[in-house]
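Chemist: I have a structure I would like to understand better, so I am pasting it below and will then ask my questions one at a time.
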Amino acid sequence: MATKTSPGDAVGIQVPAGRLHAGRNRWQTVFVALDKPSIYRLHNAAPARPTEQGNVMIVEVDGSKRPLHVEPGASIDVMAKRIRVKAGTGGVTQTVEGWYVFVS
């Protein structure tokens, strides 16, 4: 079974939206909707070197007090009016990187 590593590897219609690069001290806003929520797929890229440990990506959905955590190399689908991300702990750097796509 192949591992999904980029938006083009997934099944279905997706619109590439952007790249993620967030630090531990500031939130990166991914999406803000005025009317209805949308679904976005967020991917936390694995570190470039397999020997390095990556950070967890913290995802805040609509200002929730219980953020979601996305492990390095994993993806998550989120339906929301507002999505923000930042780097969590555990890695050797202060940032997380990845991508996000508009699903619907």
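The values are calculated or read from the model by the stated rules, or taken from the named source; none is laboratory data. Because the structure is a prediction, the values reported are computed rather than measured. Every residue, glycine among them, receives a Cβ derived from its backbone with ideal geometry; neighbour counts consider all protein chains shown.
Chemist: Can you tell which of 26, 41 is in contact (Cβ under 8 Å) with a residue 12 or more places away in the chain, of a type in the set (Lys, Arg), in contact with a strand residue (DSSP E or B) (Cβ under 8 Å, 6 or more places away or on another chain) and outside any loop (DSSP other than H, G, I, E, B)?
Modeler: 41
Chemist: Could you list all residues from region 78-94 that are of a type outside the set (Lys, Arg) and either in contact with a Leu (Cβ under 8 Å, 6 or more places away or on another chain) or surrounded by 15 or more Cβ atoms within 10 Å (Cβ to Cβ) (or both)?
Modeler: 78, 80, 83, 85, 87, 88, 91
Chemist: Condition check: modelled with pLDDT of 90 or more, over 20 Å from residue 101 (Cβ atoms), crowded, with 18+ Cβ neighbours inside 10 Å and not small (Gly, Ala, Ser). Does residue 25 satisfy that?
Modeler: It is false that residue 25 is modelled with pLDDT of 90 or more, over 20 Å from residue 101 (Cβ atoms), crowded, with 18+ Cβ neighbours inside 10 Å and not small (Gly, Ala, Ser).
Chemist: Does residue 52 satisfy the criteria of being of a type in the set (Asp, Glu) and either touching an Asp or Glu at 6+ places or on another chain (Cβ under 8 Å) or surrounded by 14 or more Cβ atoms within 10 Å (Cβ to Cβ) (or both)?
Modeler: no
Chemist: A further question on this structure: Could you list, in sequence order, the residues of region 89-104 that are over 18 Å from residue 19 (Cβ atoms) and among the small types (Gly, Ala, Ser)?
Modeler: If the condition is that a residue be over 18 Å from residue 19 (Cβ atoms) and among the small types (Gly, Ala, Ser), then 90, 104 are the ones that fit.
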